[in-house]
Amino acid sequence: MAFYSQKVMEHFANPRNVGQIENADGVGEVGNPVCGDMMTFYIKVKDNRVEDVKFKTFGCGAAIAVSSMVSEMAKGKTIEEVMNITNDDVAKELGGLPPNKMHCSNLGADALHKAVENYKSKQGK
């Protein structure tokens, strides 16, 4: 059985920012066919800052905790700051993840980055 930090367990049991944003400014979706995890992030941007972020995740407890943490890390940040959130940053904020679950932190950051890229493409940037 994998060992999870208290922070991972807290974000899994009480995930923040779950849901979908209607008319989102950016949407990013990623999946891992090997483990079956799927994550979709929705962002609303105002004055170059992520004003709101929501996610929908289908996956294991670690995937849900990662999505919750990524959403918390992104809220209120500038687009540039959001693009600098790394997989390692997510894992560190959660107090670490077991090696066989590190791919979940990759998915969370990747889905968020794809939402930002989608936003930028809509803005013609």
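What are the residues in region 1-59 that are farther than 20 Å from PRO99 by Cα and small (Gly, Ala, Ser), if any?
Residues satisfying the conditions are ALA13, GLY19, ALA24, GLY26, GLY28.
So MET9 clears everything in (1) open to solvent by 50 Å² or more (accessible area, probe 1.4 Å); (2) touching a Ser or Thr at 6+ places or on another chain (Cβ under 9 Å); (3) part of a helix (DSSP H, G or I) except one condition, right? Which one?
(2)
Looking at region 3-19, I want the residues that are hydrophobic (A, V, I, L, M, F, W, C) and at pLDDT 95 or above and have a partner that is surrounded by 14 or more Cβ atoms within 10 Å (Cβ to Cβ) and not in a helix (DSSP H, G or I) with Cβ atoms under 9 Å, at least 6 apart or on another chain. Which pairs are those?
If the second residue must be surrounded by 14 or more Cβ atoms within 10 Å (Cβ to Cβ) and not in a helix (DSSP H, G or I), the pairs left are VAL18/LYS54; VAL18/PHE55; VAL18/LYS56; VAL18/THR57.
Taking VAL66 as the residue in question, decide whether it is in contact with a Cys (Cβ under 6 Å, 6 or more places away or on another chain) and of a type outside the set (D, E, K, R).
yes
Results for (1) within 10 Å of the chain's Cα centre (by Cα); (2) among the charged types (D, E, K, R), shown as yes or no for each residue.
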position: GLN20; (1), (2): no, no
position: GLY28; (1), (2): yes, no
position: VAL34; (1), (2): no, no
position: GLY59; (1), (2): no, no
position: ALA63; (1), (2): yes, no
position: ASN84; (1), (2): no, no
position: LEU94; (1), (2): no, no
position: LYS101; (1), (2): no, yes
position: LEU107; (1), (2): yes, no
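The values are calculated or read from the model by the stated rules, or taken from the named source; none is laboratory data. Note that this is a predicted model, so its numbers are computed, not measured. Counting neighbours? That spans all protein chains shown, and the Cβs are built from the backbone with ideal geometry, glycine included. All accessible areas refer to the heavy atoms of the entire protein, side chains included, with ligands and DNA or RNA removed. Shrake-Rupley method; radii C 1.70, N 1.55, O 1.52, S 1.80 Å.
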